[in-house]
Amino acid sequence: MSSRESSVEEEEEEDGGQHFIDHNEIAPSTSSPKPSTFGIHHEDDFNARIHHRSCRRPRFSPLNKWYLFAILLPFFIILVYFATDFRDFFQTSVSYVNNLPPPPPPQDHLQALYLLRQQQLGLFNLWNHSVAHESNFNFSSNSAFLQNFKSTLLSQISLNNQIKHVLLSSHATVVDDFLTVEKCGKLDHQNRLSQRKTTLEWKPKANKYLIAICVSGQMSNHFICLEKHMLFAALLGRVLVIPSAKIDYEFARVIDIDHINRCIGREVVVPFDVFAKARKKKHVHIDKFLCYFSSPHPCLMDDDRVKKLKGIGITMDKLKLPPWDEDVNKPTERTMKDILRKFSSEDNVIAIGDVLFSNVEQGMMMQAGGPLVHKCKTLIEPSRIITITAQRFIQTFLGKRFIALHFRRSGGFLKSCNGKRESCFFPVPQAADCINRIVEKVKVTAAAAAPVIYLSTDAAESETRLLQSLIFNNGKKVPLVKRPQRNKAEKWDSLLYRHGLEEDPQVEAMLDKTISAMATVFIGSSRSSFTDDIMRLRKDWGLTSLCDQYLCQGQSPNFIADNE
C-alpha cells in the first residue's frame, strides 16, 4: 500500500472518531447523585453537571449530515481509485479484444530505433564496400587485417540487432516488420546492367563460319570456351558452329541452342550436324585452322583429337602457328582490336584452337549479361526442362531460402590446389568453421536463417559425413541436402524421365548448377570452373548475393601436405 493510501485511511479514522461516536455512549449515568437535605445541589455536583453538559455533542440536523457527506466524499473517491483496478469493471467477453495488436513503441523507443537504423545502414554500407573490394586485397599481406576488420564489423552489426530486439521485446509484432535490412540481399542487377561497358553486336556475314574447338577440362570448361568463342565469332562476323557430340559433350541435352538465336534475334549459332547437312558435301573442310596458344604446344591439340575430327568427316590443312607467343599459364591481356588484326580471314570456314584460357576483354566478359548485345538475361543457360526440374526439387526439399555449397574434393583437386602459390584445399573442420560463419552471417539480419544447405560435391561419403557433423547454428544441426537416388514415388524429376534425360552425368551436373544458382547464398570452391559457371549464372540471372563467396575466402589451409 502506498504512503498516500495509508495517510488517507488515517485521516478517515481520525474523522470517524470525531464525528460518528454515538451520543448515548457519553450520556450521563441514570444513577445520578441525590440532592442535599436542604434542596440545594452540592457545588461539585453542580460543576460536574455543567461540565458534563458542555462535553455532550448536540445531535446533527439533516443539513449538517449533508455537509459532512460532501466533505468526506472526495476522500472516499480517492481511496476507491487507488485501491481498485477499474479495468476489472470494463472487461468484455468479446474474443477479438485479446487479438488486438500491441500498442506502438513509445516515442523515445522510436527515436532510439531510428538512430539504430542509421547506424545499421552505415555498417551495412561499410560491409558491402569491404565485400565489393575484397578481391583487390593482396591476401598474403592483408589477410589477417581484413579478417579482423570483417569480424569486428559483423559483431557490431549483431550487437546493433540485439539492441533493437531488446527495445522491441514487448512489441513482438513490430520486431518482424520494423527496421528490416537484408544484409545478404541481392546485388542491384538492373543498376549493373545499366553500367555495362560497350557491348558488341553479333551480325554474321553470309557463309562465314567459325567451328568451336574446345579440348580442355570438363563440361564447365567447355561452356566457358563456348562463351569466349561467341565473342570471337561476333568480332569476326561469323556463325558459330557448336561442336559435334561425337568429339565433345552433347550440348543440346543441357542447354537450349535455339535460345541463343532468339536472344540475339538472328541465327548466330548452329549445331554441327545441321551445319554439315547444309554444306551438302561428304566432308567438312576447315579452310584455316588457327592456334591461339603456342605453349605448352600449339592449339593444345594432340594426335588423338585430330583423329576424332577426321572421324566425323572434318578435313583440314596443317595447323597454323599462333600469331604471337602465348603461354596457357600466363595469358597476355588482349583487346578486340588484337583479335581482329590477328584472326580476320576471308576463308569461309575457320577454326581457332582452344581459347578457354584466353584473356580477351575480361571486363566485358565478366559483366552481367556478357559482352554481346541481346534481349535476354544470359545466352548460355540450362535447358527449360532442367530449369523446371531444379525448381521442383527446390519446392520439394529446400524451400525459398537456402544456402548452396559446391564442395569440390576429388579429381586431383588436392594436388592441383597444393601446386598453386596459395592452396585451395581445406581440411573438413576448417571448411565447416567457414560455413558456420556464413550461416550466422545470413542469420544476423535476415527474417529467418536459411534452414538447409544444398550440397553439390564429388567428395567421398566419409568427408561429407564428417562435414555434416560439424555444421551447427544456435545448437541445432543444419542439414546438408543432396539429390537423392531415383524414387518412383517422387515426382520432382519426372520431366527428366519423360524426355529420356535420366541418369545422364552431364544432365545431373547441369541440374546441380541450376539448383545452386537459385540459392539465397552461394559458397563455391576456388579455382573450380564448375563454381565459376554457377557464379556466371547467378550474376546474369540477377541472383548474386552480397554474401556469395569462395569457401574460406581470404584464408589458407591450416595444414598443407608436402608435394610429391
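The values are calculated or read from the model by the stated rules, or taken from the named source; none is laboratory data. Keep in mind that this is a model prediction, so the values were computed, not measured. Cβ sites come from the backbone with ideal geometry, for glycine too, and all protein chains shown count toward neighbours. Note: areas computed on protein heavy atoms with side chains; ligands, DNA, RNA excluded. Shrake-Rupley method; radii C 1.70, N 1.55, O 1.52, S 1.80 Å.
When region 503-525 is filtered for residues that are open to solvent by 10 Å² or more (accessible area, probe 1.4 Å), part of a helix (DSSP H, G or I) and of a type in the set (A, V, I, L, M), only Ala509 remains.
Only a single item in (1) open to solvent by 20 Å² or more (accessible area, probe 1.4 Å); (2) modelled with pLDDT under 95 is not met by Lys228, and it is number (2). Of everything in region 464-502 that is at pLDDT 90 or above and polar (S, T, N, Q), the residue that is most open to solvent (accessible area, probe 1.4 Å) is Ser469. Applying the set (1) of a type outside the set (Phe, Trp, Tyr); (2) open to solvent by 10 Å² or more (accessible area, probe 1.4 Å); (3) outside any helix (DSSP H, G or I); (4) closer than 23 Å to Phe522 by Cα to Thr378 leaves exactly one unmet item: (2). With respect to (1) open to solvent by less than 70 Å² (accessible area, probe 1.4 Å); (2) touching a residue at least 12 places away in the same chain (Cβ under 8 Å), the lone exception for Val306 is condition (2). Among residues of region 355-366 that are more than 18 Å from Pro298 (Cβ to Cβ), those with a beta-carbon under 8 Å from a residue that is in a helix (DSSP H, G or I) and aliphatic (A, V, I, L, M) at least six positions away or on a different chain give the pairs Val360/Leu231; Val360/Met336; Val360/Ile339; Glu361/Leu231; Glu361/Met336; Met364/Leu231; Met365/Leu231.
So in region 333-371, with the set limited to residues that are in a strand (DSSP E or B) and surrounded by 22 or more Cβ atoms within 10 Å (Cβ to Cβ), which one is farthest from the chain's Cα centre (by Cα)? Working first, answer last.
The first filter runs over region 333-371 and keeps only residues in a strand (DSSP E or B), leaving 333-334, 349-352, 359-360.
With the extra rule that they be surrounded by 22 or more Cβ atoms within 10 Å (Cβ to Cβ), the set shrinks to 349-352.
Details: Val349: 47, Ile350: 45, Ala351: 43, Ile352: 41 Å.
Looking at residues that are in a strand (DSSP E or B) and surrounded by 22 or more Cβ atoms within 10 Å (Cβ to Cβ), I get Val349.
Pairing residues of region 324-337 that are farther than 19 Å from Met366 by Cα with residues that are in a loop (DSSP other than H, G, I, E, B) and of a type in the set (Gly, Ala, Ser), at Cβ distances under 9 Å and at least 6 apart in sequence or on separate chains, gives Trp324/Ser294; Asp325/Ser294; Glu326/Ser294; Glu326/Ser358; Asp327/Ser294; Val328/Ser216. Checking each residue in region 381-399 for being of a type outside the set (S, T, N, Q), part of a helix (DSSP H, G or I) and open to solvent by 30 Å² or more (accessible area, probe 1.4 Å) picks out Arg384, Ile385, Ile388, Arg392, Phe397.
Residues are listed down the side, and each one gets a yes or a no for (1) in contact (Cβ under 8 Å) with a residue 12 or more places away in the chain; (2) touching a strand residue (DSSP E or B) at 6+ places or on another chain (Cβ under 6 Å); (3) of a type outside the set (S, T, N, Q):
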residue: Phe251; (1), (2), (3): yes, yes, yes
residue: Val254; (1), (2), (3): yes, no, yes
residue: Asp258; (1), (2), (3): no, no, yes
residue: Arg262; (1), (2), (3): yes, no, yes
residue: Gly265; (1), (2), (3): yes, no, yes
residue: Phe272; (1), (2), (3): yes, yes, yes
residue: Lys281; (1), (2), (3): no, no, yes
